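The values are calculated or read from the model by the stated rules, or taken from the named source; none is laboratory data. Since the structure is predicted, the reported quantities are computational estimates derived from the model, not experimental observations. Positions of Cβ are backbone-derived with ideal geometry, glycine not excepted, and every protein chain shown enters the neighbour counts.
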Amino acid sequence: MDIDIDIDKLIPHRDRMKLIDAVVSVAEDAAVTTAVVSDRWPLFDGEGVGSLVLIELAAQTSAVSIGWKKLMAGDESGGKGWLVGIRTAQFYRDSIPVGAEIRTRSEIGFSLENYTEIRATATVDGEMLGEVGLQVMRGETG
């Protein structure tokens, strides 16, 4: 069941780069989102999108969790101001067809000051598409 949350308040992505369609669940350290593959997505090749797009879905799902935490604390800046590095990425499909609904789950694995490590998985109908590990540095807020 999707949660009624304004995704635009949680992530900075807009237009073709906003991939998430709905938030299924969200907490301080984890989030689950859904996204339906569209021909408007980056990496669309005429039939589907390359699995590399799962890295962006992992980052956006993580931004939902961090943005929600900030919003609950009264900070409406959302999940903005990150420098994201890819620690690991394992893909189990080369391409994902248009119309497939991807469920992405991200979870904070380690966090210290402005550094966070995030683990994410992406599935379609229970089939694992990929696993992604991200390293996130957040800028100081003043």
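Selection over the stretch 29-53 of residues that are assigned to a loop (DSSP other than H, G, I, E, B) and in contact with a strand residue (DSSP E or B) (Cβ under 6 Å, 6 or more places away or on another chain) gives a count of 5.
To keep it simple, each residue is scored yes or no on (1) within 9 Å of the chain's Cα centre (by Cα); (2) touching a residue at least 60 places away in the same chain (Cβ under 8 Å).
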site	(1), (2)
Val23	no, no
Arg40	no, no
Ile55	yes, yes
Gln60	yes, no
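Among the residues of the stretch 44-55, are any at pLDDT below 85 and more than 22 Å from Met128 (Cα to Cα)? Looking through the stretch 44-55, none of the residues is at pLDDT below 85 and more than 22 Å from Met128 (Cα to Cα). Restricted to the stretch 89-142, and to residues there that are in a loop (DSSP other than H, G, I, E, B) and β-branched (Val, Ile, Thr), the residue that is farthest from Gly67 (Cα to Cα) is Val98. Every condition in (1) within 12 Å of Ala58 (Cα to Cα); (2) surrounded by fewer than 16 Cβ atoms within 10 Å (Cβ to Cβ); (3) charged (D, E, K, R) holds for Asp94 except the one numbered (1).
Contact annotation: residue pairs with Cβ atoms under 6 Å, 6 or more positions apart or on different chains, pairing a residue in the stretch 121-136 that is under 15 Å from Ala30 (Cα atoms) with a partner that is in a strand (DSSP E or B) and of a type in the set (Phe, Trp, Tyr), are Val136/Trp82. Taking the stretch 109-120 as the range and being over 15 Å from Glu28 (Cβ atoms) and either in contact with a Phe, Trp or Tyr (Cβ under 8 Å, 6 or more places away or on another chain) or polar (S, T, N, Q) (or both) as the test, the residues that pass are Asn114, Glu117.
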